[in-house]
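J.: One structure, as structure tokens, below. Some questions next.
The values are calculated or read from the model by the stated rules, or taken from the named source; none is laboratory data. This one's a predicted model, so the numbers in the text were calculated from it and none came from an experiment. Cβ placement follows ideal geometry from the backbone for every residue including glycine, while neighbour counts extend to all protein chains displayed.
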Ligand SMILES: [Zn+2]
Ligand SMILES: [Zn+2]
Ligand SMILES: [Zn+2]
């Protein structure tokens, strides 16, 4: 008799996004589940230093293509990755503001703060928008 394989929440999430839950993908997904802050490629490379880097890059690419992660250009010159919220299809309507702390360099998604529709000239279409608010996070703001 075939043994029933119990899928955990992370595996279910990947399958729901049409992504085959391989070992590496589960690890990366677990990592992003734990933190709501964005991670730079450097942070990810350090965290997964024991893993094959090519597999890591491929996993990130797959996650971005399947709307599991989105990339953030916070102006620091380093691309960051953050988890998409439930139901995100990375369409212009899903674009939101980001906050970049100038002290601790953390970047967080302000998913409640959607980027308002921008009136574009005729026949222009929007595919990307970068809205980054910079300042000090609650940990770094003077009390
Ligand atoms: Zn998204
Ligand atoms: Zn901070
Ligand atoms: Zn975000």
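Residues checked against (1) touching a residue at least 12 places away in the same chain (Cβ under 8 Å); (2) more than 16 Å from residue 61 (Cβ to Cβ):
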| site | (1), (2) |
| --- | --- |
| 15 | no, yes |
| 18 | yes, no |
| 23 | no, yes |
| 26 | yes, yes |
| 43 | no, yes |
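J.: May I ask you to verify whether residue 115 is within 12 Å of ligand 3 (Cβ to nearest atom) and either at pLDDT below 95 or loosely packed, with under 14 Cβ neighbours inside 10 Å (or both)?
T.: Numbers: within 12 Å of ligand 3 (Cβ to nearest atom): yes; either at pLDDT below 95 or loosely packed, with under 14 Cβ neighbours inside 10 Å (or both): yes.
Yes, satisfied.
J.: Which residues, taken from region 38-58, are within 16 Å of ligand 1 (Cβ to nearest atom) and within 24 Å of residue 8 (Cβ to Cβ)?
T.: Of all residues in region 38-58, those within 16 Å of ligand 1 (Cβ to nearest atom) come to 38-39.
If the condition is that a residue be within 16 Å of ligand 1 (Cβ to nearest atom) and within 24 Å of residue 8 (Cβ to Cβ), then 39 is the only one that fits.
J.: To continue, here is another question. Report, by residue number, each residue of region 79-105 that is more than 9 Å from ligand 1 (Cβ to nearest atom) and in contact with a helix residue (DSSP H, G or I) (Cβ under 7 Å, 6 or more places away or on another chain).
T.: 79, 81
J.: Which residue is surrounded by the fewest Cβ atoms within 10 Å (Cβ to Cβ), if the candidates are limited to region 129-143 and must be in contact (Cβ under 8 Å) with a residue 12 or more places away in the chain and part of a loop (DSSP other than H, G, I, E, B)?
T.: To start, the set of residues in region 129-143 that are in contact (Cβ under 8 Å) with a residue 12 or more places away in the chain comprises 129-137, 139-140.
Okay, now just the ones that are also part of a loop (DSSP other than H, G, I, E, B), so 129-131, 136-137, 139-140.
On the way: 129: 12, 130: 12, 131: 14, 136: 13, 137: 17, 139: 10, 140: 13.
Per the stated criteria, the residue is 139.
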